[in-house]
Amino acid sequence: MIRLIDRALLDEVSTEARAGARLRKNRNFHQRDDYPAHRLLNAVEPDTYIAPHRHIDPTKDETMVVLRGKLGLVVFDDAGVIVKTAVLNAGAECCGVDISHGEWHTFVALESGTVIFEAKAGPYLPLAPAERAPWAPTENDADAGEYLARLEQLFS
C-alpha cells in the first residue's frame, strides 16, 4: 500500500488531536504494534503534557522530523536538570532530532497544528518504571500543568 503524507492527512490528524482529551493523536503507518519498524505521525497541540522519559533499550533510538508547526525539545540529565533545549520548526534550519536511547527528553507543542513524523524500532512496549522520570510528574498528576507551564516558559 502507498499512502501519501499530504496536507489533508496532516489536517485530519491535527483535528483529531484538538478534539481529544490529551490534545495529541498518533497515526500509525505500521500495521501492528509488534512490527519491527514503527513509523507514525504524531499531532500535538499546545497544553498537551508529554512526561519526560527515556528509552533504555539500545534498539529504541528515535528520530522525529517536524512536518508542520513548531516543537520545543527539552533534554535533561539523570537528576532532571535541563541540559539542552531546541526549537524544531518545519522548514527551518532545525526541523528534527535524533535521540539516542537512554537520553531523558520531552517535547512542548509551540503551535497549534504541529505534526511530527516519528520513526523508531518496534515492538511497542509501554514505558517501564526506569524509563519514567522520577523527578517529573506523570501525565495525570495534579502538578503536571504547573510543570508543563515551566517547560513552556523555556520557549517564550
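The values are calculated or read from the model by the stated rules, or taken from the named source; none is laboratory data. Bear in mind that the values here come from a model prediction, so they are computed numbers and not experimental data. Neighbour counts run over all protein chains shown; Cβ positions are idealised from the backbone, glycine included.
The combined condition, being surrounded by 14 or more Cβ atoms within 10 Å (Cβ to Cβ), modelled with pLDDT of 95 or more, touching a Gly at 6+ places or on another chain (Cβ under 8 Å) and not in a loop (DSSP other than H, G, I, E, B), is fulfilled by V87. Looking across the stretch 33-44, the residues that are out of contact with any Phe, Trp or Tyr (no Cβ under 9 Å at 6 or more places or on another chain) and farther than 19 Å from E16 by Cα come down to P36, A37. Against the test of being exposed (fewer than 14 other Cβ atoms within 10 Å of the Cβ), in a loop (DSSP other than H, G, I, E, B), touching a residue at least 40 places away in the same chain (Cβ under 8 Å) and among the hydrophobic types (A, V, I, L, M, F, W, C), the options A92, A142, A79 yield a single qualifying residue, A79.
Selection of the stretch 107-139 for residues being of a type in the set (A, V, I, L, M, F, W, C) and either surrounded by fewer than 16 Cβ atoms within 10 Å (Cβ to Cβ) or in contact with a helix residue (DSSP H, G or I) (Cβ under 7 Å, 6 or more places away or on another chain) (or both) yields V108, V115, L125, L127, A128, A130, W135, A136. Set side by side, the residues L40, L67, L10, L4 differ, and just one is exposed (fewer than 13 other Cβ atoms within 10 Å of the Cβ) and farther than 20 Å from L154 by Cα, which is L4. So for the stretch 113-127 (the condition being farther than 17 Å from L41 by Cα, of a type outside the set (A, V, I, L, M, F, W, C) and part of a helix (DSSP H, G or I)), does at least one residue qualify? The answer is no, given that none of the residues of the stretch 113-127 is farther than 17 Å from L41 by Cα, of a type outside the set (A, V, I, L, M, F, W, C) and part of a helix (DSSP H, G or I). Do the conditions hold for A21, that is, is it more than 23 Å from P123 (Cα to Cα) and surrounded by fewer than 16 Cβ atoms within 10 Å (Cβ to Cβ)? The answer is yes for A21. Here T59 meets each of (1) of a type in the set (V, I, T); (2) more than 24 Å from W104 (Cβ to Cβ); (3) exposed (fewer than 14 other Cβ atoms within 10 Å of the Cβ) with one exception, condition (2). Among the residues of the stretch 27-46, what is the count of those that are over 16 Å from G69 (Cα atoms) and either under 16 Å from the mean Cα position of the chain (by Cα) or part of a loop (DSSP other than H, G, I, E, B) (or both)? The number of residues fulfilling the criteria is 13.
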